[in-house]
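To keep things clear, I will list the structure first and then write my remarks on it.
Laboratory data are not the source of any read-out in this text; all were calculated from the coordinates shown. Predicted, not measured: the structure shown is a model, and the values here were computed from it. We place every Cβ from the backbone using ideal geometry, glycine too, and count neighbours over all the protein chains shown.
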Amino acid sequence: MEETFYCPDCSSKLERIYGCGSDSYLCNTCRNLISRKRILTEKDMVKKVVELVAKKLNEKDI
């Protein structure tokens, strides 16, 4: 099963493009190539969402 990767800017799923022995990651929403170092895994996405929700809940308490 192929792992799903996400854009660090807009959180959309990335398209994985194979060519000449290398992988490239394209965000169809941002229309940008995303570096392998910047892509988010599913685990990273869950962590990002949890942090955003916690931040929003903290803002409501203040």
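Among Tyr25, Cys10, Met45, whose Cα lies farthest out toward the positive end of the dipole of the chain, if unit charges sit on the beta carbon of Lys, Arg (+1) and Asp, Glu (-1)?
Cys10
Give me the count of lysine pairs in the chain whose alpha carbons sit under 23 angstrom apart, restricted to pairs 8 or more positions apart or on different chains.
Count of close lysine pairs: 13.
Only helical DSSP H runs with n ≥ 4 go in: add -39500 (n - 2.57) per run for the chain, normalise by residue count and round the 222 nm mean residue ellipticity to 500 deg cm²/dmol.
Helix-only estimate at 222 nm: -11000 deg cm²/dmol.
Can you work out the Karplus-derived ³J(HN,Hα) for every residue in the stretch 40-47? Use 6.51 cos²θ - 1.76 cosθ + 1.60 with θ = phi - 60°, whole Hz, and x for glycine or proline.
10, 7, 4, 4, 5, 5, 4, 4
Rounded to the nearest 20 Debye, what is the dipole magnitude of the chain about its Cα centre when Lys and Arg each give +1 and Asp and Glu each give -1 at the C-beta?
About 160 debye.
With an 8 Å Cα cut-off and a minimum separation of 6 or more residues, compute the relative contact order for the chain in percent.
28
If R₀ is 22 angstrom, what is the calculated FRET efficiency for the pair Tyr18 and Val50, using the beta carbon separation as r and rounding to 0.05?
0.10
With N denoting the number of residues in the chain, provide Rg(C-alpha) divided by 2.2 N^0.38 Å, to two decimal places.
1.37
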